[in-house]
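The values are calculated or read from the model by the stated rules, or taken from the named source; none is laboratory data. None of the values given here were measured: they were computed from a predicted structure. Glycine gets a Cβ as well: all are built from the backbone with ideal geometry, and neighbour counts include every protein chain shown. The area values use the complete protein model at the heavy-atom level, side chains included, leaving out ligands, DNA and RNA. Shrake-Rupley method; radii C 1.70, N 1.55, O 1.52, S 1.80 Å.
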Amino acid sequence: MFKFAFINDAAEREYKKLPTKIQDEFGRDLRKIQYGQDPIQPFQFLESIGSGVIELKINGSPAHRCIYVAKYMNTIVVLHSFSKTTNGVDKPAMKVAKNRLKELLSQLK
């Protein structure tokens with residue numbers, strides 16, 4: 001089993017701002033991932049952000065996303081969670097995720 005963490009307090013606050021049902025769905029998938037199972041929700045690898053970065057997706061209006069680093073240093077680290085109302089890439093959200101990955105890598109040095 002892998003540990004679970006948020007990169008920082010802001011990432012945890014973002015996650016907790018999501019609707020409870022969405023938190024539950026992402027939480028179920030993150031627990032599955034902790035135990036080496038595949039998530040139920042659709043997901044996408046975000047190599048443009050960094051190696052091992054994955055985005056869980058719950059589509060709808062609005063859509064919801066949870067970006068995490070899989071099993072980094074035996075930990076699943078949530079970088080960013082957000083809701084979106086437009087199609088396409090949410091560039092500000094991707095920038096936040098990329099900056100938080102840099103933060104994580106600098107903490108590990």
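In contact with a strand residue (DSSP E or B) (Cβ under 7 Å, 6 or more places away or on another chain), over 20 Å from residue 102 (Cα atoms) and not in a helix (DSSP H, G or I): is that true of residue 37 in this structure? Taking the combined requirement at face value, the residue does not satisfy it. Considered as a group, the residues in region 5-49 that are among the β-branched types (Val, Ile, Thr) and open to solvent by 90 Å² or more (accessible area, probe 1.4 Å) include one that is farthest from residue 105 (Cα to Cα), and that residue is 20.
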